[in-house]
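Below is one structure, written out as structure tokens; the observations come after it.
What follows is calculated from the coordinates using simple rules that are stated; it is not laboratory data. Computed from a prediction, not measured in an experiment: that's the story for all the values here. Reconstructed Cβ throughout: ideal geometry from the backbone, glycine too, with neighbour counts over all protein chains shown.
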Amino acid sequence: MPHGILAGWLFGILNLRLMTKNVQAFIGSEKATAKILILSVTRLIILLVAMAFLIYYKAVNIFGLIFGFTVVFALILIEGMRAGNANKGE
């Protein structure tokens with residue numbers, strides 16, 4: 001199970017880093033929506049194939065993988081809420 005949590009965490013971090021780079025690369029460019037959509041779908045397909053590969057060959061526990069992937073998003077949401085509350089007082 002620890003391998004699954006670690007793999008899920010790594011996939012979550014990688015997904016968010018690539019999403020950030022995609023958005024930053026296309027800010028202010030024309031037709032950015034279509035490019036971001038195509039890159040996002042491609043990124044998600046690659047991510048799902050990699051996860052399916054690890055699960056199929058039983059390299060990781062599926063519940064650990066889901067838990068690790070979810071923790072990344074939960075922590076980012078919590079950090080975003082903290083930042084939003086901090087800005088509210090200004």
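Scanning region 68-90 for residues that are among the small types (Gly, Ala, Ser) and free of Cβ contacts under 8 Å to residues at least 60 places away in the same chain gives Ala74, Gly80, Ala83, Gly84, Ala86, Gly89.
Output the number of residues of region 32-67 satisfying the condition of being touching a residue at least 12 places away in the same chain (Cβ under 8 Å) and either on the phi > 0 side of the Ramachandran plot or of a type in the set (Val, Ile, Thr) (or both). Count: 4.
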